[in-house]
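The values are calculated or read from the model by the stated rules, or taken from the named source; none is laboratory data. Just so it is clear, the structure is predicted and the values come from calculations on it, not from any experiment. Note that each Cβ is placed from the backbone with ideal geometry, even for glycine, and that neighbours are counted across all protein chains shown.
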């Protein structure tokens, strides 16, 4: 019986050795797979670092473009402000011209005598050259109607002056 126990003990040790060898082989494969995953992970980290560097350079370029756009926009807004002021001055001068023409026509109608020469305005109005549509823009209909009315009044006043002088 002692040989049987020894034989059973040796068989148990052999089974345990086989189990240990199988477990060692599995662990060896897992370690090799983890090392391969580690190498892939390192490559991924390197790619991410390169992408972040590219993104930082792109952000710097975008900031420079935004600064340039901001400067350009400020310059254009300033220019638009100057143009708006110039247009406002021209509109005021045009209203003064229309008021003077209205006064001349009113004087010619009321007195029955030729109107006196109009006095020059404080700031002379610069009239644009005749073109098919000299009044383009936001208030083109109003300006066109005012200009047509002023031309009509001027022509009627000139006709009255000529007919009375003849």
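Determine which member of the set 22, 5 is modelled with pLDDT of 95 or more and part of a helix (DSSP H, G or I).
Unique residue meeting the criteria: 22.
Does residue 99 satisfy being under 16 Å from residue 158 (Cβ atoms) and modelled with pLDDT under 90?
Spelling it out, it is not the case that residue 99 is under 16 Å from residue 158 (Cβ atoms) and modelled with pLDDT under 90.
Please tell me if residue 109 is surrounded by 10 or more Cβ atoms within 10 Å (Cβ to Cβ) and more than 30 Å from residue 164 (Cα to Cα).
no
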